[in-house]
1. Among the residues of region 86-98, are any among the polar types (S, T, N, Q) and at pLDDT 95 or above?
2. Among the residues of region 71-98, which ones are open to solvent by 30 Å² or more (accessible area, probe 1.4 Å) and outside any loop (DSSP other than H, G, I, E, B)?
3. Go through region 7-26 and count every residue that is within 22 Å of Ser108 (Cα to Cα) and part of a loop (DSSP other than H, G, I, E, B).
4. Does Asp35 qualify as being charged (D, E, K, R) and part of a loop (DSSP other than H, G, I, E, B)?
5. Any residue in region 77-101 that is within 12 Å of Leu130 (Cα to Cα) sitting within a Cβ distance under 6 Å of a residue that is open to solvent by 50 Å² or more (accessible area, probe 1.4 Å) and part of a loop (DSSP other than H, G, I, E, B)? List the pairs, counting only those 6 or more apart or interchain.
Amino acid sequence: MQIFDSGFWMFYIQEKAKFDKNKLGKWMYFFEDEDYNRVSELCRKAVEEGIVLEAKHNSGNNKGMYGKNLSCFYLECDDIERHKKVIRFFLDNDMIPKTKTGKLYNISFKLDEQTFAGEYGENYNGYIKLEQFLDLQTGEWLE
């Protein structure tokens, strides 16, 4: 595994990571400053264990567009088995926020082309959502 700091992002990359750029996207996890070391470890672990071939998180005090810490776990949009691995990893590591009623928040997978097109916030519409894999109320896998 390669680990390097670009000055804005800390990358964790499996040596053989090759992606189709037209299919590449990420599941994202936003985190608090006090969780920085934990998220660094989670990114490293996800790549080492083959959950994803590449992960990253913001480097040091460099926060994203909304002033939030962000980590990204990369895969291709049509790799259903890897989506399930990432979602299981997120569940196991308490990385999916819950609503006030205790339901899982319906997080989305975001294609890189959506990021490059400036789709953020109100302008962003995720085509792959957690609800396609899990019952958000119970956390049970859908068939």
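The values are calculated or read from the model by the stated rules, or taken from the named source; none is laboratory data. All values derive from a computational prediction rather than experimental measurement. Cβ coordinates were reconstructed from backbone atoms using ideal geometry, including for glycine residues, and neighbour counts include every protein chain displayed. Ligands, DNA and RNA are stripped out before the accessible areas are found, and what is left, the full protein with its side chains, is counted by its heavy atoms. Shrake-Rupley method; radii C 1.70, N 1.55, O 1.52, S 1.80 Å.
1. Taking region 86-98 and keeping what is among the polar types (S, T, N, Q), we get 93.
This time we only want the ones that are at pLDDT 95 or above, so: 93.
Checking region 86-98: at least one residue is among the polar types (S, T, N, Q) and at pLDDT 95 or above.
2. Glu76, Ile80, Glu81, Arg82, Lys84, Lys85, Arg88, Leu91, Asp92, Lys98
3. 5
4. Values: charged (D, E, K, R): yes; part of a loop (DSSP other than H, G, I, E, B): no.
Spelling it out, it is not the case that Asp35 is charged (D, E, K, R) and part of a loop (DSSP other than H, G, I, E, B).
5. From residues that are within 12 Å of Leu130 (Cα to Cα), the pairs are Pro97/Tyr105.
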